[in-house]
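Novice: Attaching a single structure in structure tokens format; questions to follow.
Values in this text are rule-based calculations from the coordinates and carry no lab data. Predicted model, so just to flag it, every value in this text is computed and none were measured. A quick note on method: Cβ atoms are made from the backbone with ideal geometry, for glycine too, and the neighbour counts reach across all protein chains shown.
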Amino acid sequence: MDGTDRIEIIKGDITKVQVDAIVNAANSSLLGGGGVDGAIHRAGGPVILEECKKIVARQGGCKTGEAVITSGGNLPCSYVIHTVGPIWNGGKKNEEEKLANCYKNSLQLAAEHQVKTIAFPNISTGVYKFPKDLAARISIATVLNFISTGSGIEKVLFVCFEDESFNYLVKELNTQK
Ligand code: ADP
């Protein structure tokens with residue numbers, strides 16, 4: 001089944017989009033950081049960090065490729081799904097598989113919470129330095145694979161903060177059509 005019509009790629013700020021859940025490119029401490037993580041905590045307010053701290057107390061952070069869920073605080077979304085992308089290390093440390101796991105596990109958690117619309121940033125392509133073209137290929141392929149299996153997810157938005165990732169994602173989605 002073709003899911004390309006359920007994927008949308010836009011430029012913008014992920015804290016502003018109207019969806020059921022947004023995904024955060026967090027770090028394993030779950031205690032906040034820079035980039036998109038900082039923007040989400042700033043816009044969402046202290047509730048999100050409080051919930052993250054409870055998760056840390058329960059399970060001790062989040063491993064690379066895994067995902068946890070909190071409420072959206074002051075954000076327009078109901079949930080924030082925090083996933084930890086791999087730090088690019090030359091490609092020999094299972095970075096590709098770990099990045100795919102971020103998308104898969106985030107979508108799985110979303111589906112378990114009856115999320116219908118979800119937005120992703122370009123996980124790992126900022127300070128974690130994952131090559132943007134390869135990240136685009138992995139993210140489109142993984143999302144398409146997941147949504148074609150009938151998960152209840154109706155719309156997946158990629159919210160790009162810069163042109164390079166936007167262009168790679170559009171190109172990648174077009175090759176899948
Ligand atoms: P990572 O550590 O996973 O690389 P970063 O936050 O450094 O995470 O970068 C991930 C991506 O998020 C980058 O493409 C960056 O440009 C983008 N980004 C930063 N702020 C925002 C935002 N407010 N909305 C959407 N994307 C953002």
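Novice: Fully extended, how many nm does the chain gain between D13 and H113 (0.36 nm per residue separation, minus their Cα-Cα distance)? Mind dumping the intermediate values first?
Specialist: Values: separation 100, 0.36 × 100 = 36.00 nm, distance 2.35 nm.
Full-extension gain reported as 33.6 nm.
Novice: Connecting C-alpha atoms closer than 10 Å in a GNM of the chain, tell me which of D20, D163, D133 has the biggest fluctuation.
Specialist: Evaluated over the chain, the most mobile residue of the options is D163.
Novice: If all Cα-Cα distances of the chain are sorted into 10 Å bins from 0 onward, what percent lands in each bin, rounded to whole numbers?
Specialist: 11, 42, 38, 9, 0
Novice: Expressed in nm to one decimal, what extension gain is obtained for the pair N145 and D2 from 0.36 nm per residue of sequence separation less their Cα-Cα distance?
Specialist: On the way: separation 143, 0.36 × 143 = 51.48 nm, distance 0.91 nm.
Separation in residues times 0.36 nm, less the Cα-Cα distance, equals 50.6 nm.
Novice: Can you tell me which of 117-123, 47-53, 8-14 comes out highest on packing, and rank the rest after it, using the mean Cβ neighbours within 10 Å? Numbers along the way, then the final one.
Specialist: Numbers: 117-123: 24.7, 47-53: 17.4, 8-14: 15.9.
Most protected by this proxy first, the peptides run 117-123, 47-53, 8-14.
Novice: Residue by residue through region 59-72, what is 3J(HN,Hα) from phi via Karplus (6.51 cos²θ - 1.76 cosθ + 1.60, θ = phi - 60°)? Round to whole Hz and write x for glycine and proline.
Specialist: These are the phi-based 3J(HN,Hα) values: 10, x, x, 9, 7, 4, x, 9, 9, 10, 10, 10, 6, x Hz.
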